Amino acid sequence: MKKLAIVALAIFTTSAFAYGPGHKGGEQMVERLEKKLELSEAQSTQLKAIFQEQGEKMKALHEETQSKMNQVLTPAQQEKLAEMKEQRKARWEERKENWKENKGKRGE
């Protein structure tokens with residue numbers, strides 16, 4: 001069971017840093033950097049390409065990790081891990097909704 005917890009943590013950590021479908025390839029990060037660092041258009045373009053490339057590498061690494069894990073885990077463990085992922089996703093969605101509802105309400 002301890003091994004499963006470690007493996008699950010590895011997946012969650014990897015997926016937390018991997019670029020998801022809504023991440024926009026680092027565009028939000030570049031937008032913040034543009035404002036704070038007064039980036040030139042060329043710098044912004046280069047940074048977007050760097051973030052995009054890094055996101056693709058992270059996604060591939062995540063998929064490779066998943067594949068290797070599935071070779072180690074039993075079907076029952078794979079199913080339990082999938083359930084854990086769904087629960088994590090549901091909690092994340094709930095947090096996002098709470099954040100949206102409470103955005104700008106601090107300090108009132």
Helices (runs of 4 or more DSSP H) enclosed by the range 26-108 - at least 3 residues per element that are without any contact (Cβ under 8 Å) to a residue 24 or more places away in the chain and hydroxyl-bearing (Ser, Thr, Tyr): 41-72
GLN87 is checked against (1) modelled with pLDDT of 95 or more; (2) surrounded by 12 or more Cβ atoms within 10 Å (Cβ to Cβ) and fails just one. What number does that condition carry? (2)
All positions within the range 51-84 that are of a type in the set (A, V, I, L, M, F, W, C) and exposed (fewer than 13 other Cβ atoms within 10 Å of the Cβ): ALA60, VAL72, ALA76, ALA82
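The values are calculated or read from the model by the stated rules, or taken from the named source; none is laboratory data. These numbers come from a predicted model, not from an experiment. All Cβ positions, glycine included, derive from the backbone under ideal geometry; neighbour counts span all protein chains shown.
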